[in-house]
Amino acid sequence: MQVQVRLGAGLARVAGTPRMIVELADGATVADLLGCLESSYPTLAAGLPAALPLVAGAHAARAQELAHGDEVALLLPAAGG
């Protein structure tokens, strides 16, 4: 199955692109997607553990199963005061 990945500004800068399409096995989870991205894009590996995944605009647990065509946004938390 294919899922669309939208990277937040910090991750997009490291990856060199704000969007990508990733091919995953049926039944793959958010954690599987992150593992695939880490192995396919080693430059993202440092930022992915802190990334907040959203599927269809809602926070997603790493164990959440994905479906073909889902859009997963990966955003880095903002800090400041």
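Scanning the range 2-19 for residues that are surrounded by fewer than 16 Cβ atoms within 10 Å (Cβ to Cβ) and within 18 Å of Leu66 (Cβ to Cβ), which turns out nearest to the chain's Cα centre (by Cα)?
Arg6
Output the number of residues of the range 50-69 satisfying the condition of being part of a loop (DSSP other than H, G, I, E, B), of a type in the set (A, V, I, L, M) and within 17 Å of Gly35 (Cα to Cα). Walk me through how you get there before you give the answer.
If we filter the range 50-69 for residues that are part of a loop (DSSP other than H, G, I, E, B), which is where we start, we get 51, 56-57, 60-64, 66-69.
Next cut, of a type in the set (A, V, I, L, M) only: 51, 56, 60-61, 63, 66-67.
Okay, now just the ones that are also within 17 Å of Gly35 (Cα to Cα), so 51, 60-61, 63, 66-67.
Residues meeting the conditions: 6.
Which members of the range 7-49 meet the condition of being assigned to a strand (DSSP E or B) and either in contact (Cβ under 8 Å) with a residue 60 or more places away in the chain or β-branched (Val, Ile, Thr) (or both)?
Within the range 7-49, Leu7, Ile21, Val22, Thr29 qualify.
Which residue is modelled with the highest pLDDT, if the candidates are limited to the range 43-66 and must be small (Gly, Ala, Ser) and surrounded by 12 or more Cβ atoms within 10 Å (Cβ to Cβ)?
Taking the range 43-66 and keeping what is small (Gly, Ala, Ser), we get 45-47, 50-51, 56-58, 60-61, 63.
Then keep just the ones that are surrounded by 12 or more Cβ atoms within 10 Å (Cβ to Cβ); that gives 45, 47, 50-51, 60.
Details: Ala45: 86, Gly47: 86, Ala50: 89, Ala51: 92, Ala60: 97.
The extreme case among them is Ala60.
The values are calculated or read from the model by the stated rules, or taken from the named source; none is laboratory data. What you see is a predicted model; the values in this text were computed from it and never measured. Because the Cβ atoms are built from the backbone with ideal geometry, glycine has one as well, and the counts that use them run over all protein chains shown.
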